[in-house]
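Take a look at the structure set out below.
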Amino acid sequence: MALPTEEQITEKLTAVIDPELRRNIVELGMVRSIEIKPEGQVDVTVSLTTPGCPIRSHFQDAVVSQVSSLEGVTGVGVGFDVLSDKEKGDLQQMLGRNKLPQGALAQVQNVICVSSGKGGVGKSTMTANLAAALQAEGHKAGALDCDVYGYSIPRMLGVDEKPDVNGERKIIPPESASGVKTMSIGYFVEGNSAVVWRGPMLHKAIQQFLEDVAWEELDYLLLDLPPGTGDVAMTLAQLLPQAKIVIVTTPQPAAQSVARRSAEMADKVDLEVMGVIENMSGFTTPTGETFSIFGEGGGKLLADELGVPLLGTIPLSEELREHADEGRPLVIEEPDSPAGKAIIDTARRIIASTPRELPMLQAEVPAAPEPPKMGKNARELPVLQ
Ligand SMILES: Nc1ncnc2c1ncn2[C@@H]1O[C@H](COP(=O)(O)OP(=O)(O)O)[C@@H](O)[C@H]1O
Ligand SMILES: [Mg+2]
């Protein structure tokens, strides 16, 4: 049977779309090589902008499905390498600046900003525990303290070492005992001294935390935002347009109007609200009596109003506070406690609502004919460095 030509294969590969850049891999110059073997085996090497594996499996499936639909193809191998800095630069120029994930964050799959209308609702407690829970669920997590006025992530995750700098002059984020990579302005100030920030300094500090920290591969980077509206959200939206927001609120219906401010802020800067977490919901006594100390239902009301899911309802819990004070997240210390369970459930809901492949993919990749059985000729090429 006649073998397909390189042109025919290239033509097929124009149906393989990069989900982040939303263009096909041929146009993006990401097809590194096409090799056609006499027996009909076709090996394609795709150059990625990041070595992140979720995207890799998307490309793998799409390339196999496209190429194998050609006459004469008996097997398809897909290999990967990573674009050089020069190639990334060229690509960036072609796409217009700032379209590519920048610097150190290129390998971070999901950025989630934890925000609240006012302080003291448990935003930092949620950030620290959710990061630890995501990590415990087998996802690599990081926590970045953007609340430069009230940093608390190092304390809550029990990290007291100072960050080092690696050979590439990137800051290495210290890891908590639970494996969460952390970064905070707290690492750079003496004792408990307050930092007086002016707008541009703040912008620069956050930018550095995103770009000059060696986060490397992370499934989730959680950002503990300062309460209310403001500068930080604006900066983040500019630097990370794909970031999503989770709003923490307390259950009294009156807290809604305050919490709504974070939603309005998200809307203003065009970031998607992923859901609401109600914290400090009812208190259950050891005898099983429940008191709604801070009222009831505020989280659900806000979620309904915003048309987003209620991701979790976390009860008041003395242990949650105590373990946070000791630097040992409740979700690790007492995962079966009511608050521990509620936070782990919330983390699972976050995992479920952050699909690894973007949904727009399906719409943009034309339906491919059923691939013929690849049999033992199908193989994955080793990853080239
Ligand atoms: N569900 C909860 N039950 C009991 N205490 C909590 C709960 N959530 C938070 N706290 C405590 O409330 C205080 C404020 O929480 P924090 O996370 O620092 O809020 P924020 O970051 O929003 O200012 C802390 O002392 C924390 O331990
Ligand atoms: Mg805080």
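Read the figures in this text as sums done on the coordinates, not as results from a lab. Fair warning: this is a prediction, and the values are worked out from it, not measured in the lab. Because the Cβ atoms are built from the backbone with ideal geometry, glycine has one as well, and the counts that use them run over all protein chains shown.
Do any of 244/300; 88/204; 123/341; 12/86 go past 22 Å between their Cα atoms, and which? Spell out each step's value before the answer.
Numbers: 244/300 19 Å; 88/204 24 Å; 123/341 17 Å; 12/86 27 Å.
In this structure, 88/204; 12/86 lie more than 22 Å apart at Cα.
Can you order the peptides 164-171, 59-66 by their average number of other Cβ atoms within 10 Å per residue, highest first? All intermediate terms of the calculation are to be shown ahead of the outcome.
Working: 164-171: 11.2, 59-66: 21.4.
For the peptides 164-171, 59-66, the packing ranking is 59-66, 164-171.
Let me have the relative contact order for segment 103-352, percent, based on Cα pairs under 8 Å that are six or more residues apart. It would help to have the intermediate numbers written out before the result.
Details: 545 pairs, mean separation 64.4, N = 250.
Value for segment 103-352: 26 percent.
Could you go through segment 237-242 in sequence order and give the Karplus-derived ³J(HN,Hα) for each residue, using 6.51 cos²θ - 1.76 cosθ + 1.60 with θ = phi - 60°, rounded to whole Hz, and x for Gly and Pro?
After applying 6.51 cos²θ - 1.76 cosθ + 1.60, I find 4, 5, 7, 9, x, 8 Hz.
Which FRET efficiency value, to the nearest 0.05, do you get for residue 284 and residue 166 by plugging their Cβ-Cβ distance into 1/(1 + (r/R0)^6) with R0 = 56 Å?
Working: r = 47 Å, r/R0 = 0.83.
That gives a FRET efficiency of 0.75.
Can you give the net charge of the other residues whose Cβ lies under 12 Å from the Cβ of residue 244, counting K and R as +1 and D and E as -1?
On the way: positive: none; negative: 270, 272.
In short, -2.
Could you list which residues have their amide H under 5 Å from that of residue 218, counting only those 5 or more apart in sequence or on another chain, with H placed in the peptide plane?
108, 109
Return the single residue from 272, 87, 190 with maximal mean-square fluctuation; model: Gaussian network over the chain, springs between Cα atoms under 10 Å.
190
Hey, in the GNM for the chain with a 10 angstrom Cα cutoff, which one of 143, 237, 263 fluctuates hardest?
Among 143, 237, 263, the largest mean-square fluctuation in the Gaussian network model of the chain belongs to 237.
Per the Kirkwood definition applied to all pairs of different Cα atoms, how many angstroms is the hydrodynamic radius of the chain? Working shown, then result.
On the way: mean 1/r = 0.0441 Å⁻¹.
Result for the chain stands at 22.7 Å.
Using r as the Cβ-Cβ distance of residue 10 and residue 242, and R0 as 25 Å, what FRET efficiency do you calculate, to the nearest 0.05? Don't skip to the end; give the middle numbers.
Working: r = 30 Å, r/R0 = 1.18.
Calculated value: 0.25.
Order 152-160, 292-300 from most to least packed using the mean count of other Cβ atoms within 10 Å. Provide the component values of the computation, followed by the final result.
Details: 152-160: 21.9, 292-300: 17.9.
By packing density, highest mean first, the sequence is 152-160, 292-300.
Where does each of 172-181, 281-290 land if you order them by average Cβ count within 10 Å, highest first? Can you show the working numbers first?
Working: 172-181: 20.3, 281-290: 11.7.
So the order, starting with the most tightly packed, is 172-181, 281-290.
Gaussian network model of the chain, Cα springs within a sub-10 Å range: biggest mean-square fluctuation belongs to which of 109, 93, 135?
Highest fluctuation among the options: 93.
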